[in-house]
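Structure first, then comments.
The values are calculated or read from the model by the stated rules, or taken from the named source; none is laboratory data. None of these values were measured; they are calculated from a predicted model. Note that each Cβ is placed from the backbone with ideal geometry, even for glycine, and that neighbours are counted across all protein chains shown. Ligands, DNA and RNA are stripped out before the accessible areas are found, and what is left, the full protein with its side chains, is counted by its heavy atoms. Shrake-Rupley method; radii C 1.70, N 1.55, O 1.52, S 1.80 Å.
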Amino acid sequence: MSEDDERQQSPPSDLEFVSNKARNCNATGSGSGHPEFQSTYPDQVLENVLENVLHFLTSRRDRNAASLVCKSWYRVEALTRSELFIGNCYAVSPGRATARFTRVKALHLKGKPRFADFNLMPPDWGAHFNPWALAMAKAYPWLEKVHLKRMSVTDDDLATLAELFLGFKELVLVCCDGFGTSGLAIFVSKCRQLKVLDLIESEVSDDETDWISCFPEGESNLESLIFDCVECHINFEALDRLVARSPSLKKLKLNRYVSIGQLYRLMVRAPQLTHLGTGSFSPSDIAGQGDQEPDYVAAFAACRSLVCLSGFREIIPDYLPAIYPVCANLTSLNFSYANITAEQLKPIISKCHKLQTFWVLDSICDEGLQAVAATCKDLRELRVFPVDPREDNDGPVSEVGLQAISEGCRKLQSILYFCQRMTNAAVIAMSKNCPDLVVFRLCIMGRHRPDPVTSEPMDDGFGAIVMNCKKLTRLAVSGLLTDKAFDYIGRHGKLVRTLSVAFAGDSDMALKYVLEGCPQLQKLEIRDSPFGDAALRSGLHHYYNMRFLWMSSCRLTRHGCQEIARAMPRLVVEVIRSADEEEMDDVVGTLYMYRSLEGPRTDAPKFVTIL
């Protein structure tokens, strides 16, 4: 929807009512028939001007800064905000949020911390969407968009969205759980104006419900349909009909139960696609032996607008040449489910001169990364995932691949790199060759691994990253690291907002360097590191400025955590144990600490103790 369309459909505003009333009062005469414009209040004029100006302010940070100027700006900014972002669902209550922001049309809400993705948090911890859904139904009947990440969403919540928000258009669920195909069926059947349904890395239970066939008949408004994470069969004939009656469909990402033959039929139906997730990229088991293969090359060639390609969930490499016609136009390519070799990658990547985002498995080895570096000069984001994440295997990518990328892809801004070995020299080279890095996440999977060439800790490599990459906001460290590395981070990582630490550091001083030296730090994730109560106390001055602190398998005690809770009453201090674990006397397995305007939550399960 365009910005102009959004303004035309905006809900009634208290600010608009006050402004119009003021204008009418100012134009009334005192009996002579002449308006008395002298009676205009300066505050009302300011708010009228602010209303028009703030409509053009879209950045969350800019809006937050504007709301802190004075009470008048605070009030006007709230009344003009149509998109609400809440980074922690327990930081504020639904009632408080809806009372302050009365014209919201889009909600972005996050729940569990990121380490929940790695099974470090017990199931049923919380982050329930239900109270938010009910509060929004009362406050925002005009709501159009909901984006949720790591939230627990039930089938009833989906029904609430579908039944109580008559103009609902967009639902994005990232890493969410708690719902199934029956909930999706109710949702899609009642959302007649739905434009976006994106299910990304979410857990969807198979209720044996044919949800695809529940989309309303007639021409569909769908612009994006992503369900590659749904691990159950779908009604392909219903999907085929849905795609055929969705002329505005631009994004379609299929699950692994869609064969390459079925993909061909969908591509013929929708040559206008810009983003495509291919499904399995292998033939169906029930395909006839004598059936003639469709012309897959022609189908891809007809999709002239395709710029983003992903999927390849159960790939047969013999079909890869089919994508050659679209490679020259691709800006994003995701092979993170495709176990392919360097030789299979080379003919593809050599055609991808416009590529800006590339995700891939380490099965392509250093040789494959060298091919990427030789061609993709405009690359901005690279992620290399492991085929085998075990610590004791021989990793196929190393410092050789990283150095090649740094030398060939000098516009790189973000990298996630899993490997088994890495040298300081390669990391230092990347810091010099790619100074525009904003995100640097190096995951050396073996614990406490030094530089294999010099046997030195990896301190100097990470030190070079924070010294030379002046725009760095996100950092993940690994390998053998001493307190020296954290000293570097504290002295030079002045813009770092997110820091992830695992199996690193010598003593409490390491954490103290970071907490005292990184003024912008918002999210700190630590696991299996030798940090105790003294390290925790060193951040007392900063915790109110942070979104959260997560520490698991460190050296914290209940007494030390209790001290923090007493000193900072507006901080929620949760001690978490596994669901079947008995409560220990003074040992803290997992600490999750976050700021909140509401105080302790009321839905904490038994394995969570709030100090």
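Where nothing but the Cβ of Lys and Arg (+1) and of Asp and Glu (-1) is charged, how large is the charge dipole of the chain around its Cα centre, in debye to the nearest 20?
Working: 68 positive and 77 negative charges, 483 e Å.
Roughly 2320 debye for the chain.
Give me the one-decimal nm value for the distance between modelled label points at Ala567 and Ala137, 7 Å along each residue's Cα-to-Cβ direction.
It works out to 4.4 nm between the two label points.
Report, in deg cm²/dmol and to the nearest 500, the calculated mean residue ellipticity at 222 nm for the chain, where each DSSP H run with n ≥ 4 adds -39500 (n - 2.57) and the sum is divided by the residue count. Walk me through the intermediate numbers first.
Numbers: 22 runs with 201 residues, N = 611.
Value at 222 nm, helices only: -9500 deg cm²/dmol.
What does the accessible area per residue of the chain come to in Å², with a 1.4 Å probe and no ligands, DNA or RNA counted?
Numbers: 26860 Å² over 611 residues.
Averaged over the residues of the chain, the accessible area is 44 Å².
Out of the GluC sites (Glu not before Pro) in the stretch 216-266, which ones are loop residues according to DSSP with at most 16 other C-beta atoms within 10 Å? Each step should come with its number before you reach the end.
Numbers: sites: Glu217, Glu219, Glu223, Glu231, Glu237; in loops: Glu217, Glu219, Glu223, Glu231.
Sites meeting the loop and neighbour criteria: Glu217, Glu219, Glu231.
What whole-number distance in Å separates the alpha-carbon centres of the stretch 264-333 and the stretch 187-258?
That distance is 19 Å.
Hey, what's the Cα Rg ratio for the chain versus the globular rule of thumb, 2.2 N^0.38 Å? Before the final figure, lay out each step's value.
On the way: Rg = 26.8 Å, N = 611, 2.2 N^0.38 = 25.2 Å.
Against the empirical 2.2 N^0.38 Å value, I get 1.07 for the chain.
By the scheme Lys and Arg +1, Asp and Glu -1, what is the net charge of all other residues having a beta-carbon under 14 Å from that of Ser398?
Values: positive: Arg421, Arg449; negative: Asp362, Asp366, Glu367, Asp394, Glu399, Asp451.
That works out to -4.
Compute the signed sum of charges (Lys and Arg +1, Asp and Glu -1) over the other residues within less than 13 Å, Cβ to Cβ, of Asp451. Write out the running numbers ahead of the final one.
Values: positive: Arg421, Arg449; negative: Glu399, Glu456, Asp459, Asp460.
Summing Lys/Arg as +1 and Asp/Glu as -1 gives -2.
In terms of Cα to Cα distance under 23 Å, which lysines are near enough to Lys112, apart from those fewer than 8 places away along the same chain?
Here the lysines satisfying the reach criterion relative to Lys112 are Lys145, Lys149, Lys523, Lys606.
In whole Å, how far is the Cα centre of the stretch 128-169 from that of the stretch 421-452?
42
What do you get for GluC sites (Glu not before Pro) in the stretch 177-216 restricted to DSSP loop and a cutoff of at most 12 other Cβ within 10 Å of the site's Cβ?
Details: sites: Glu201, Glu203, Glu208; in loops: Glu201, Glu203, Glu208.
Sites meeting the loop and neighbour criteria: Glu208.
Students often forget the sequence filter, so: which lysines lie under 19 Å Cα-Cα from Lys351 once same-chain residues fewer than 8 apart are removed?
The qualifying lysines are Lys377, Lys411.
Might you work out the accessible area of Ile315 for me, using a 1.4 Å probe with all protein chains in place, and round it to the nearest 10 Å²?
It works out to around 30 Å².
Note down the nm distance, to one decimal, between modelled labels 7 Å out along Cα→Cβ at Asn64 and at Gln292.
It works out to 6.1 nm between the two label points.
Calculate what fraction, in whole %, of the accessible area of the chain sits on carbon and sulfur atoms when a 1.4 Å probe is rolled over the protein chains. Mind dumping the intermediate values first?
Details: 13620 of 26860 Å².
C and S atoms contribute 51 percent here.
How big is the accessible area of Asp506 in square angstrom, nearest 10, if you roll a 1.4 angstrom probe over the protein chains?
For Asp506, the solvent-accessible surface is approximately 90 Å².
Roughly speaking, what is the stretch gain from Val92 to Lys411, that is 0.36 nm per residue apart minus the C-alpha to C-alpha distance, in nm to one decimal?
On the way: separation 319, 0.36 × 319 = 114.84 nm, distance 3.87 nm.
Extra length available between Val92 and Lys411 comes to 111.0 nm.
Which order do you get for Lys71, Lys523, Lys351, Lys411 if you rank them by accessible area with a 1.4 Å probe, largest at the top?
Numbers: Lys71 170, Lys523 50, Lys351 70, Lys411 100 Å².
From most exposed to least exposed: Lys71, Lys411, Lys351, Lys523.
Give me the net charge for the shell around Tyr543: Cβ to Cβ below 11 angstrom, other residues only, Lys and Arg +1, Asp and Glu -1. Write down the numbers at each step before the final one.
On the way: positive: Arg537, Arg547, Arg570, Arg595; negative: none.
Value of the local net charge: +4.
Once the dipole of the chain is set up with Lys and Arg at +1 and Asp and Glu at -1 on Cβ about the Cα centre, which of Ile200, Ser596, Ser284 lies farthest towards its positive end?
Ser596
How big is the dipole moment of the stretch 467-572 about its Cα centre under a simple scheme where the beta carbon of each Lys and Arg is +1, that of each Asp and Glu is -1, and everything else is neutral? Debye, nearest 20, please.
Numbers: 16 positive and 9 negative charges, 102 e Å.
Rounded to the nearest 20 debye, it is 500 debye.
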